[in-house]
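No value in this document is a laboratory result; all are computed from the given coordinates. Just so it is clear, the model here is predicted, and its values are computed rather than measured. Every residue, glycine as well, gets a Cβ built from its backbone with ideal geometry; the counts of neighbours run over all protein chains shown.
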Amino acid sequence: MSQYQLRVYTLRSPDALSAYENVWAQHIPGMAKHRITTHGVWTVPAAPGSGTPRLYALVSYRDADNMRERLEAYLSSPEFRADMEGFDIGQIIDVDESALTPTADSPLR
């Protein structure tokens, strides 16, 4: 069974969300080289007058892999640096990571 993780990125503005959406498109192949599979990426715009935009990504790791080690390997890779080139990391306000355990009947077991 794979290990799943929901990653939630809170961005400063709609423009930052749009830019980071493009960055995530570049992350997918680089993450795959580090044994991290992307199952989906979603955006949630800021509510009018309040709130901040968010990007959600559902990823998985091989069962025997240590999630933190795999992520750190990617974050220190040339692929990650190339993906982030030209994007101001300060546009990311927060990153929340949640390990998800599929239920017995989940299609993503």
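Structural remarks
- Potential lengthening between Glu72 and Ala25 on full extension [0.36 nm per residue; Cα-Cα distance subtracted]: 15.0 nm
- Evaluated over the Cα positions of segment 27-69, the convex hull gives a direction-averaged projected area, one quarter of its surface, of 3.8 nm².
- Mean shadow area of segment 1-64 over all directions, Cα convex hull, nm²: 4.5
- Coarse-grained scattering of the chain at q = 0.17, 0.20 Å⁻¹, given as base-10 log I(q)/I(0) from a Debye sum over alpha-carbon atoms: -0.83, -1.09
- Ranked by how many other beta carbons lie within 10 Å on average, peptides 10-19, 69-78 from highest: 10-19, 69-78
- Residue-by-residue Karplus 3J(HN,Hα) for segment 44-49, coefficients 6.51, -1.76, 1.60, Hz, glycine and proline x: 10, x, 5, 5, x, x
- The chain, dipole about Cα centre (Lys/Arg Cβ +1, Asp/Glu Cβ -1), debye to the nearest 20: 200
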